[in-house]
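Working notes, beginning with the structure itself.
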Amino acid sequence: MSFSPEIKSNYKPKNLAVKLNNKGEQFVIQGHPWVFSDNINKINDNAKSGDLAIIFSKNKNRVVGIGLYDANSPIRIKMLHHGFNKVTINHDFFLQRIQHAYSKRLSLLKTKTNSYRLLFGENDGFPGLIADVYATVLVVKIYSEIWLPYLDIIIPSLQQISKAKTVVIRLSRSLEKSKQHKLENGAVVYGTLKNEVVQFVEHGVNFSANVIKGHKTGYFLDHRANRKQVGAWSKDKTVLDVFSYAGGFSVHALANGAKEVTSLDISAQALEIAKENGKLNIYKGKHKTIVGDAFEALKNLIKTKTTYDVVVIDPPSFAKQASEIDLAKKKYAQLSALGEKLTSKNGLLVLASCSSRVLASTFFDINDKVLASGKRGSKMILQTEHDTDHPIGFTEGAYLKCGYYRFID
């Protein structure tokens, strides 16, 4: 079986000699994966995306790191290697990186799980590249042109290590518009795909992902451990899953014996997927859905004095840029207050954030203040971050945080 010729680029990357200002050089020496355009003092005039940026120190003129040049991003250089030791960026370099990433996932793969993130971008040394595995299907999402000259050596290595029977390419919106490649979003570049909806297992619970049309690579794997935990604490309980998308928390709760689960999302299509995912498992509880804006729907539930034993609120990112941080904080505070009113006596409120610009300490402070100002007593019983297949390699790579709050009255 061979790979699609579309993964091979005609562009041959050049070596660029780069010198940075003091701030940029310190970032590289400290191991940070990004170099911004305003940190560059000197670089070749004809630099193009995908070229190898060889970064030389200002004083002793020795190599301190190697990265990929990105002509289309303010993060002008995405780092591949830090340090003074000499490396060659070739097939063996990327293969060893992928093997190392795979070794970090072995403990997860010893559980009843066959879906995992094999490459987590910068955190695994592949800035702007994501690789997720769903059973026997590998989905590679590319966010930048920098990877186009290297796909023909990286993708076969990913397939070899994951033992995937099928490889699907997903492209970011900006890359879909690029004229530097012949790839199509959702293209099958290895093997065959009989159905774009792929079934997989997560800690013994069955799910599905649309690997061609679904968000990101088809599903959100980072909350896996939290979904398992919520499931374990949902037996014989009533559960509300807010911003449920494809029903991750809902389905774990149902599969673990929840009495009644309500999935709430603004997308009717997502809720249909949630119901279908539920039906992939054996359960006796009732699965209800609410279509609507989360803030308005929660207020309506409060008006009817509806409460739940377990309330999970896992919103999308509220702060995709710095100007949105203050509004994001207000929204998190609102959700904490709404969640408190919807959680029954001695119930469990689970609050999560995936806004990387809102620090974990800030997020938990917001929740603590809101819950402390209420009339009920509560205690944080668990605080979590990314699952094991989403290792954190640098500060900005830590976006996911989740707090479990038990009400004591």
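The values are calculated or read from the model by the stated rules, or taken from the named source; none is laboratory data. Because the structure is predicted, anything quoted here is derived from the model rather than measured. Quick reminder, even Gly has a Cβ in these numbers, built from the backbone with ideal geometry, and neighbours come from all protein chains shown. Each accessible area value is taken on the protein alone, full model and side chains, heavy atoms only, with ligands, DNA and RNA left out. Shrake-Rupley method; radii C 1.70, N 1.55, O 1.52, S 1.80 Å.
Any idea which of ASP387, ASP326 is of a type in the set (Asp, Glu) and either open to solvent by 30 Å² or more (accessible area, probe 1.4 Å) or farther than 26 Å from ALA246 by Cα (or both)? Steps first, please.
Details: ASP387 fails: either open to solvent by 30 Å² or more (accessible area, probe 1.4 Å) or farther than 26 Å from ALA246 by Cα (or both).
Answer to the selection: ASP326.
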With the checklist (1) exposed (fewer than 13 other Cβ atoms within 10 Å of the Cβ); (2) aromatic (Phe, Trp, Tyr); (3) in contact with a helix residue (DSSP H, G or I) (Cβ under 7 Å, 6 or more places away or on another chain) in hand, flag the one item PHE84 doesn't pass.
(3)
Checking TYR404 against (1) open to solvent by 40 Å² or more (accessible area, probe 1.4 Å); (2) hydroxyl-bearing (Ser, Thr, Tyr); (3) within 24 Å of LEU301 (Cβ to Cβ), the condition it does not meet:
(1)
Determine which single condition ASN300 fails, assuming it passes every other condition in (1) under 25 Å from LEU342 (Cβ atoms); (2) open to solvent by 60 Å² or more (accessible area, probe 1.4 Å); (3) touching a residue at least 12 places away in the same chain (Cβ under 8 Å).
(3)
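Let's see how each residue does on (1) out of contact with any helix residue (DSSP H, G or I) (no Cβ under 6 Å at 6 or more places or on another chain); (2) open to solvent by 60 Å² or more (accessible area, probe 1.4 Å); (3) farther than 17 Å from ILE392 by Cα:
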| position | (1), (2), (3) |
| --- | --- |
| PHE56 | yes, no, yes |
| ASN59 | yes, yes, yes |
| LEU80 | yes, no, no |
| LEU95 | no, no, yes |
| ALA101 | no, no, no |
| SER107 | yes, yes, no |
| GLY125 | no, no, no |
| LEU129 | no, no, no |
| GLU145 | yes, no, yes |
Residues within region 109-121 that are buried (at least 21 other Cβ atoms within 10 Å of the Cβ) and closer than 24 Å to ILE89 by Cβ, tallied
4
Among the residues of region 363-384, is any surrounded by 17 or more Cβ atoms within 10 Å (Cβ to Cβ) and modelled with pLDDT under 95?
yes
For region 272-297, which residues satisfy the criterion of being out of contact with any helix residue (DSSP H, G or I) (no Cβ under 7 Å at 6 or more places or on another chain), touching a residue at least 24 places away in the same chain (Cβ under 8 Å) and surrounded by fewer than 22 Cβ atoms within 10 Å (Cβ to Cβ)?
LYS275, GLU276, LEU280, ILE282, LYS284, LYS286, LYS288, GLY292, ASP293, ALA294, ALA297
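So, in region 233-246, of the ones that are in a loop (DSSP other than H, G, I, E, B) and charged (D, E, K, R), which residue ends up surrounded by the most Cβ atoms within 10 Å (Cβ to Cβ)? Working first, answer last.
First, the residues of region 233-246 that are in a loop (DSSP other than H, G, I, E, B): 233-237, 243-246.
Adding the requirement that they be charged (D, E, K, R) leaves 235-237.
On the way: LYS235: 12, ASP236: 10, LYS237: 21.
The residue in question is LYS237.
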When residues of region 173-199 are limited to those that are under 13 Å from VAL139 (Cα atoms) and under 19 Å from the mean Cα position of the chain (by Cα), the one most open to solvent (accessible area, probe 1.4 Å):
ASN185
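Which of the residues that make up region 117-128 are of a type outside the set (Gly, Ala, Ser) and touching a Phe, Trp or Tyr at 6+ places or on another chain (Cβ under 9 Å)?
Of region 117-128, the ones of a type outside the set (Gly, Ala, Ser) are 117-120, 122-124, 126-127.
Correct list: LEU118, LEU119, PHE120, GLU122, ASN123, PHE126, PRO127.
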